[in-house]
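Trainee: Sharing a structure with you now.
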Amino acid sequence: MRKRIIIRITLIVVLILIGIFLYTIGKEHKVLIDNKDITVGEIAYSADTTYNVWVDNQEIGLLEKGERKVAMVAGVSHKIVVEEIKDKVLTGEKHGKRFKLKTNESATVNIPAMINNANEWIDKTN
Amino acid sequence: MKEKIQNIIENFGLPRIIIFLFLVLLFILTPFVGVRFDTSINDVIVRFGMNGILVLSLVPMVKSGCGLNFGLQLGIIAGLLGAVISIEMETIGFAGFFTAVGIAIFFAVVFGFLYGLLLNKTKGDEMVVATYVGFSSVSFMCIMWLMLPFKSPNMIWAYGGSGLRTTINTKGYWFHILTDFFQINIGSHIVFPTGTILFFALLTFLVWAFFRTKMGTAMTAVGSNTDYAKSCGVNVNKMRIISVVLSTVIAAIGIIVFEESFGFIQLYMAPLYMAFPAIAALLLGGASVGKASIKNVIIGAFLFQGILSMTPSVINNIIKSDMSEAIRIIVSNGMIVYALTRIMRVR
Amino acid sequence: MMKKQSLTKTMNPGVHFLINYAVPIIFTILIAFAIPLSGLSGEYFIRELMIRLSRDSFLILALLIPVMAGMGMNFGIVLGAMAGEIGLIFITDWRIIGLSGMLLAMLISTPIAILLGYFAGIVLNRAKGREMVTGFMLAFFMNGIYQLVVLYGMGNIIPISDSSILLPRGYGIRNAISLLGIRQVLDKLIPLEIGGILIPVASLLVIATLCVFIIWFRKTKLGQVIRTVGQDNDIARTLGIDVGRTRILSIVISTVLACYGQIIFLQNIGTMNTYNSHEQVGVFAIAALLVGGASVSKATIPNVFVGVILFHTMFVVSPRAGKELIGQAQLGEYFRIFVSYGVIAFSLALYAWRKRIEKENERKKAMAFKRGILVK
């Protein structure tokens, strides 16, 4: 009798854990991507050129100077990759960064800051 | 004293008592929520007259042991045919009404007979077969409404379409023909639909009288104790068919009265679920799958229509939102489920 | 003295077959006429069939276990469908997408489905012999409760954070919710394309797994118990089986399966009609099963698939055939509905008639035996 109760409780706990797991890796997050001028602390970064953007292997498209686009992603770990395009030609320069998002977070990524490895290239909000 | 209360509860069933008390509560609340008490009562009476005959139609079949008439739609269709044809024939007033009734009775007898034959072949499972026969016939008639050669401009689709419209107005034909008959006006807010109520009383009396005749008693015997009836020489199958025809005919008349009061003939899918409110009303009045009486009809129809008309007006004023549909579904279907589960138990 | 033997037993086996499978046979004939009439291409058919097989089969499979338990066609699957929809509402509100979303919906609606199934089981136990009508009315009743919860409770007592799925008045879920986040997530999980037709491999695998599960289940101890209960309650009782509990269990299993089936169904469609999606689930699933040759007392896995193919072909074909035949596509709509209800009415009537005849013959045999006449 006791064994049954223990098994049942364990089962329920396992299911709840699975539920939390599914919730976390399935949660949709909004990631805004800016190709805009930004001032971080004392340094100003400017958006010079167009970039082709990928988030988690999903092609977001071309971001011109001053443009902002939205990517909807699911889960915790993400990767953003940008490819430089100068004067309508692929220069071959690629930059990539990884970032994590907690369950209720959404983020804004700034490309100029990101390319220059500034610390505040990504801004996360709840 | 406590035993007496317990007895009453067991006899009537807890849900019925709850619903009755609920209705009383609603009535008491009316003045406090800005709803006029007299218009409420009026509404209930009008709806009672409108729906009463349909509830009445269920009685013969219950008494003969055919169960609750989930195939009420067949009678309704007969009535619809009568109504539509009478309008096609441009008959108005009382002549129109009685033409409709006459034609409806004709169809009802035919349908009822066939339906009765089917039920005799499926004894024991009548209710579920009836439900689907009812549904299929409504859908079948949908096809018919589209195809039958009706010409009256008041009924067919405008702009040269073919087939009947979904709702047809009875105004100008026999709308309110009974309701306005010897209409009694009490005060400025109550309009008593004398004609309708009188007609209902007439039919009720006829049914009551029928069950006091030899045939009526035989029918009741068939329902309550088949073997005994057989040993008395009663032709069980014949009685059942007669009861089905009777039920179908009364239902046909009932829907015409409904239309007379409501003002519209509703075709196509409208009759699909019409059996349920009638059945719920009968059960609410104290009937069961095997037993029904005139008393059940009157009490049940009144209670049911009371809930149906009072709940929206009172509750909506309190909660400021329209829950009436959901409540109606819960009450009417809940009653039927309750009645179906009253008799047998699996241990 | 002449002995009248069972109508269905001594007749020509050919006729016996015809009567038993009357429904699918009539259907096949009907369809054979309607397909050329509708003018639709073979490729269209195959594509539609593939979609419907992968989408609808799970739900229909959920009907099998109650039949095994002798409870007839379980209209309670509508309750399972409602549970699934509640799960979907939540994951849409929480914005969980992809396969995780679908699985999470299944996870959280399971306890709801179990609860509803348990309730349905108790109600049906008190309506022995009338399970189908009661189940039918119960589904309607639950719909009222569902409306109370979803149309009034959600956004009110039940917190919903995403206001885009709520009605303008601030509470109550909208009539249609987009399930874009999980759209076709199972279907496209393992993509396979043959001749331009997309084959939803993962969905079909899931269905195959369920079939295997049902076959295995039949052989387990519990499966045997359920079948015994289905054969004869009294014998089961003398064997010490708790008949009531077994019946409830079979309904619970069926309800949970229906819950998953509805989620799979909606995942394929991609939108949920909050208040309508589950209404016709019962009727169509049961009609399909009956068209496949099942009866109130016997339903097998082949019945499910034959049924899906026949019934859904009819579904696809009727509007067009109606248009060609009489010039109104609307007619085809009504024809479709008529056939669905008609099939059930016909099957049930046929079954009830056969049942009665067998009972009559049993009675006659018993009486003849009593009179001391040897019965062959």
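Trainee: Cut-off under 18 Å on the C-alpha distance; same-chain residues fewer than 8 positions from C:Lys364 excluded. Which aspartates and glutamates are left, in chain and number order?
Mentor: Counting by Cα, and skipping residues close in sequence, C:Lys364 has these aspartates and glutamates nearby: B:Asp227.
Trainee: Okay, next question. I'd like the distance between the alpha-carbon centres of the stretch C:27-78 and the stretch A:14-69, rounded to an integer number of Å.
Mentor: Computed from Cα coordinates, the inter-centre distance equals 45 Å.
Trainee: Mind listing the long-range amide H neighbours of B:Ile265? Cut-off is under 5 Å, sequence gap 5 or more, other chains count too, H placed in the peptide plane at 1.01 Å from N.
Mentor: Here B:Ile168, B:Asn169, B:Thr170 satisfy the definition.
Trainee: As an exercise, find the ratio Rg/Rh for chain C from alpha-carbon atoms, using the Kirkwood inverse-distance average for Rh.
Mentor: Values: Rg = 22.6 Å, Rh = 22.3 Å.
Using Cα coordinates only, the ratio equals 1.01.
Trainee: Still on this structure: To the nearest 0.05, how large is the calculated FRET efficiency for B:Val33 and A:Lys65 if R₀ is 60 Å and r is the Cβ-Cβ distance?
Mentor: 0.40
Trainee: Quick check of the Kirkwood formula: for the stretch C:167-283, what is the inverse mean of 1/r over all pairs of different Cα atoms, in Å?
Mentor: Numbers: mean 1/r = 0.0573 Å⁻¹.
Averaging 1/r across every pair of different Cα atoms and inverting gives 17.4 Å.
Trainee: Just from its helices, what would the mean residue ellipticity at 222 nm be for chain A, if runs of 4 or more DSSP H residues each count -39500 (n - 2.57) and the sum is divided by every residue, rounded to the nearest 500 deg cm²/dmol?
Mentor: Details: 2 runs with 30 residues, N = 126.
Per the formula, -8000 deg cm²/dmol.
Trainee: Counting only DSSP beta bridges with both residues in the protein assembly as shown, tell me the antiparallel percent, nearest 5.
Mentor: Percentage antiparallel, nearest 5: 90.
Trainee: Label B:Leu206 and C:Lys370 with points 7 Å out from Cα along Cα→Cβ: what is the distance between them in nm?
Mentor: Simple spin-label model gives 4.3 nm for this pair.
Trainee: Which translational diffusion coefficient, to the nearest whole µm²/s, is obtained for the protein assembly as shown from the Stokes-Einstein equation, given a Kirkwood hydrodynamic radius over C-alpha pairs, 4 °C and 1.567 mPa s?
Mentor: Values: Rh = 30.6 Å.
The estimated diffusion coefficient comes to 42 µm²/s.
Trainee: Suppose R0 equals 22 Å. What FRET efficiency, 1/(1 + (r/R0)^6) with r the Cβ-Cβ distance, do B:Met269 and B:Asp322 give to the nearest 0.05?
Mentor: On the way: r = 22 Å, r/R0 = 1.02.
Plugging the Cβ-Cβ distance into 1/(1 + (r/R0)^6) gives 0.45.
Trainee: Please report, in whole Å, how far the alpha carbons of the stretch A:28-125 spread along each principal axis, starting with the longest.
Mentor: Extents along the principal axes, in whole Å: 39, 32, 18.
Trainee: What distance in nm lies between label points placed 7 Å from Cα along the C-beta direction at C:Gln184 and B:Leu21?
Mentor: 5.7
Trainee: For a quick size check, give me the Cα extents of the stretch C:238-306 along its three principal axes, largest first, whole Å.
Mentor: Sorted largest first, the three principal extents are 50, 26, 16 Å.
Trainee: Here's another thing I want to ask about it. Based on DSSP, what percent of beta bridges with both residues in chain C are antiparallel, to the nearest 5?
Mentor: Around 90 percent of the beta bridges assigned by DSSP in chain C are antiparallel ones.
Trainee: Taking only DSSP H segments of four or more residues, each worth -39500 (n - 2.57), what value at 222 nm results for chain C once the sum is divided by all its residues, to the nearest 500 deg cm²/dmol? Before the final figure, lay out each step's value.
Mentor: Numbers: 14 runs with 255 residues, N = 376.
Taken over chain C, the calculation gives -23000 deg cm²/dmol.
Trainee: Here's something else I'd like to know. Could you tell me what % of all Cα pairs in the stretch B:214-347 have separations over 23 Å?
Mentor: Result for the distance tail: 49 percent.
Trainee: If you scale each eigenvalue of the Cα gyration tensor by 5 and take the root, what three semi-axes come out for chain B, rounded to whole angstrom and sorted largest first?
Mentor: Working from the Cα gyration tensor, I get semi-axes of 30, 29, 19 Å.
Trainee: Taking amide H positions as placed 1.01 Å from N in the peptide plane, with prolines and chain starts having none, which residues 5 or more places from A:Val40, or on another chain, fall under 5 Å of its amide H?
Mentor: A:Tyr45
Trainee: Assuming 0.36 nm per residue, please report the length gained on full extension of the stretch C:Lys298 to C:Arg227 beyond their Cα-Cα distance.
Mentor: Numbers: separation 71, 0.36 × 71 = 25.56 nm, distance 1.06 nm.
Gain on extension, C:Lys298 to C:Arg227, equals 24.5 nm.
Trainee: From the phi of every residue in the stretch A:36-47, what ³J(HN,Hα) in whole Hz does the Karplus formula 6.51 cos²θ - 1.76 cosθ + 1.60 yield, where θ is phi - 60° and glycine or proline is x?
Mentor: Calculated HN-Hα couplings, in order: 10, 5, 8, 10, 10, x, 10, 9, 9, 10, 10, 8 Hz.
Trainee: Could you give the DSSP H helices of chain B that reach 18 angstrom or more along their long axis (alpha carbon positions) and whose average Kyte-Doolittle hydropathy is no lower than 0.5?
Mentor: B:14-29, B:37-63, B:72-88, B:93-121, B:126-147, B:194-210, B:236-262, B:294-319, B:324-340
Trainee: List the DSSP H helices in chain C whose Cα atoms stretch 20 Å or more along the helix axis and whose mean Kyte-Doolittle hydropathy is at least 1.0.
Mentor: C:22-38, C:77-94, C:98-125, C:201-219, C:243-269, C:301-326
Trainee: Determine the calculated [θ] at 222 nm for chain B from helices alone, applying -39500 (n - 2.57) to every DSSP H run no shorter than 4 residues and normalising by the residue count; nearest 500 deg cm²/dmol. It would help to have the intermediate numbers written out before the result.
Mentor: On the way: 13 runs with 236 residues, N = 347.
Here the helix-only value at 222 nm equals -23000 deg cm²/dmol.
Trainee: How high is the FRET efficiency between A:Leu17 and C:Asp234 when r is their beta carbon distance and R₀ equals 41 Å, given to the nearest 0.05? Numbers along the way, then the final one.
Mentor: Details: r = 45 Å, r/R0 = 1.11.
Computed FRET efficiency for A:Leu17 and C:Asp234: 0.35.
Trainee: Can you give me the pair-distance distribution of the stretch C:220-376, C-alpha pairs, 5 Å bins, whole percents?
Mentor: All Cα pairs considered, the percentages come to 2, 7, 10, 13, 16, 16, 12, 8, 6, 4, 3, 2, 1, 0.
Trainee: Take the Cα pairs of the stretch C:113-217, get the Kirkwood Rh, then feed it into Stokes-Einstein at 10 °C and 1.306 mPa s and tell me D in µm²/s.
Mentor: Calculated translational D: 89 µm²/s.
Trainee: Pull up the cross-link candidates among the lysines for A:Lys102, meaning alpha carbon to alpha carbon under 17 Å and not fewer than 8 places away within one chain.
Mentor: Those lysines meeting the cut-off are A:Lys27, A:Lys30, A:Lys79, A:Lys124.
Trainee: Here's another thing I want to ask about it. Please list, in order, the residues from the stretch C:62-102 whose amide nitrogen is less than 15 Å from a point placed 7 Å along the Cα→Cβ vector of C:Arg245.
Mentor: Within reach of a label on C:Arg245: no residues.
Trainee: A 21 angstrom limit on the alpha carbon distance is what I want to check against. Which of B:Lys121/B:Lys238; B:Lys121/C:Lys355; B:Lys2/B:Lys295; A:Lys97/C:Lys188; B:Lys4/B:Lys291 exceed it?
Mentor: On the way: B:Lys121/B:Lys238 12 Å; B:Lys121/C:Lys355 10 Å; B:Lys2/B:Lys295 26 Å; A:Lys97/C:Lys188 29 Å; B:Lys4/B:Lys291 23 Å.
Violating the 21 Å Cα-Cα cut-off are B:Lys2/B:Lys295; A:Lys97/C:Lys188; B:Lys4/B:Lys291.
Trainee: Further question on the same structure: Using only Cα atoms, find the angle between the long axis of helix A:2-26 and the longest principal axis of chain A, and express it within 0 to 90 degrees, rounded to the nearest 10.
Mentor: Around 10 degrees separate the two axes.
Trainee: Okay, next question. What is the list of residues in the stretch B:1-36 whose amide nitrogen lies under 13 Å from a point 7 angstrom out from the Cα of B:Lys295, following Cα to Cβ?
Mentor: Residues B:11-12 qualify, since their backbone N sits under 13 Å from the label point.
Trainee: Shifting gears a bit: Hey, rough spin-label estimate for B:Asp227 and C:Phe33, points 7 angstrom out along Cα→Cβ, what's it come to in nanometres?
Mentor: In this crude spin-label approximation the distance works out to 4.7 nm.
Throughout, read-outs are computed from the coordinates displayed, never taken from laboratory work. Here the structure is a predicted model, which is why all the values come from computation and not from measurement. Cβ: placed from backbone, ideal geometry, glycine included. Neighbour counts: every protein chain shown.
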